[in-house]
Each structure stands twice: as C-alpha cells, then as structure tokens.
C-alpha cells in the first residue's frame, strides 16, 4: 500500500488489482505517484506470478488527473532559460513517461476500469493499458489543453492508435469530454457497465479469463501485438518468426489442449522471474 494506491495479488488466480485510494481528492496524481506506480508494476512483471492486472479506483471518479498544486507553485522554477535547463527537462520528462510505459510493457495484460472522470494524466494511464472498460457515467478528457499545455505522458502518441485519428485530434485540441457511449462507439473502451460495482465485477472476470490461459502464450501475444502496433506488417512478421521460435512450447500446448478437450481449466507454471543485473 502507498499514499496513492493499494495493490493486491491473488496467488490463486494470478490476478493483481491496483486500486487508486484517494477518493477524497478525486484520486489526483501527485509527482510521487508515478515512480510508485512504476516500481509496483515492474515488480509484479519481474516476479512472474501475475497473469493480469486490473487498474481501478475508489470513489466517484477514476482520477481527476495531475493535482493542480503541481502547477500552482513558483512558475519561475518551471522556466527553462538555458540549454542546460532544457536538456535536464527533457531527461526528467522521459523518466516520467517511463513510469506510464510500464503498463504497456509489463509481461501481463493490463485492464483499466474507469468510473466517472478519467481526466488528463489519468487518460495517459488508461491509454497505456491493453483493455479499457467503463461505467455508464464515465467520461474521458485530454485536460492539459485547458491549462495551456500539450499532454506529454503518452496519450497523444497512443490515443490515435486506439480511436480514429480525427477523434483523437478533436479530444487533444478541445479538451471536450468523451462520454461512455461515444467512447464505446469509437473503440476507446470495450464495454460499458451500468455502475461501478458491475464495472469492477466485469473487469475482475475478464482478468480471470485471461489469467486462466497460458501465461507464456499471453505474454508472447502481448509482445507481438505491441510490436505490430509500432511497426509495419513485414517487420512485425519477421519479429513473430523470432518470437514464436523462442516461446513455442509443446508441453504448454499439450496441457492446454488436454484441458480444452476435458472442458476444464489447465494448470500452467508462472513465468520465470526476471533477474536484475
């Protein structure tokens, strides 16, 4: 548990839940939130026991985005008068981006369950997840344009690969809210549920269905899908030949096929831990 979220891993199912837990502050995101998120998700990925992660929140809203006090201090500290200041700013921003990248790069699928507002930096988090589902009262907005800045933690790069380019640009230029039904229509979310309780139950059930599959095949599928998203077809096919030769496991397949024939769930070993240098 941190000041921003609580994290739970069900070792029986392999489903982890990361729940934002500051509803009294609309689950706003302070700078310290981001390295805490990065470290927590990276640890789950490296350990290998997690097979799916649900990112959700408490209270009325998923998150109101970056806490405004981040921008309400001494603006002189945010000015970049020299090349050295600008270079340091670039390096610091890339490190902040990497705290969101971890959701995209984790070895397991990530499911973002949104109720109420998904605003600003929260939309960066949602866009970095594999799958998004929401409640009927959900809305999504690129809030940064309202405070005179371009969104900079990945939403402008990821959103056009999720929704039609025109929709992404309209959201980025206007900051208008995209409601739940419209989000479903344009493909930002997979499903709209009536309320937060139904949303969380749906997200948990979806995570459990994923977690019941071979974690090796799921991790390989995520790696292939991410590569194909960012490369052309020929490059992605070449990567797939190398990836498949690395993860093809006849014992894993035999266990899956036998369980499928017997109409039961298979038992799979977790992924091997990643050794840090």
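For every residue, the table says whether it meets (1) in contact (Cβ under 8 Å) with a residue 40 or more places away in the chain; (2) buried (at least 16 other Cβ atoms within 10 Å of the Cβ); (3) not assigned by TED's automatic domain parsing to the domain that holds residue 134.
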{"site": "172", "(1), (2), (3)": "no, yes, no"}
{"site": "175", "(1), (2), (3)": "no, yes, no"}
{"site": "202", "(1), (2), (3)": "yes, yes, no"}
{"site": "220", "(1), (2), (3)": "no, yes, yes"}
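Quick one: is residue 184 surrounded by 14 or more Cβ atoms within 10 Å (Cβ to Cβ) and either more than 16 Å from residue 111 (Cα to Cα) or under 18 Å from the mean Cα position of the chain (by Cα) (or both)? So residue 184 fits the description; yes.
Go through region 250-277 and give me each residue that's surrounded by 15 or more Cβ atoms within 10 Å (Cβ to Cβ) and either more than 28 Å from the chain's Cα centre (by Cα) or part of a helix (DSSP H, G or I) (or both). Steps first, please.
In the first step, residues of region 250-277 are kept if they are surrounded by 15 or more Cβ atoms within 10 Å (Cβ to Cβ); the result is 252, 255-256, 259, 266, 268, 271.
Scanning region 250-277 gives 252, 255, 256, 259.
Residue 5 meets the conditions (1) buried (at least 21 other Cβ atoms within 10 Å of the Cβ); (2) in contact (Cβ under 8 Å) with a residue 60 or more places away in the chain in every case but one. The failed one is (2). In region 32-60, the qualifying residues are those that are touching a residue at least 60 places away in the same chain (Cβ under 8 Å) and farther than 20 Å from residue 272 by Cβ, and the one that is surrounded by the most Cβ atoms within 10 Å (Cβ to Cβ) is 55.
Considering region 38-51, the residues that are assigned to a helix (DSSP H, G or I) and touching a helix residue (DSSP H, G or I) at 6+ places or on another chain (Cβ under 6 Å) include one that is farthest from residue 12 (Cα to Cα), namely 38. As a summary of the residue check, residue 18 satisfies the conditions (1) over 21 Å from residue 134 (Cα atoms); (2) at pLDDT 95 or above; (3) in contact with a helix residue (DSSP H, G or I) (Cβ under 7 Å, 6 or more places away or on another chain) except for the one numbered (1).
Quick check on this structure: which one of 65, 92 is surrounded by 16 or more Cβ atoms within 10 Å (Cβ to Cβ) and either modelled with pLDDT under 95 or farther than 21 Å from residue 274 by Cβ (or both)?
Residue meeting the stated conditions: 65.
The values are calculated or read from the model by the stated rules, or taken from the named source; none is laboratory data. Just so it is clear, the structure is predicted and the values come from calculations on it, not from any experiment. We place every Cβ from the backbone using ideal geometry, glycine too, and count neighbours over all the protein chains shown.
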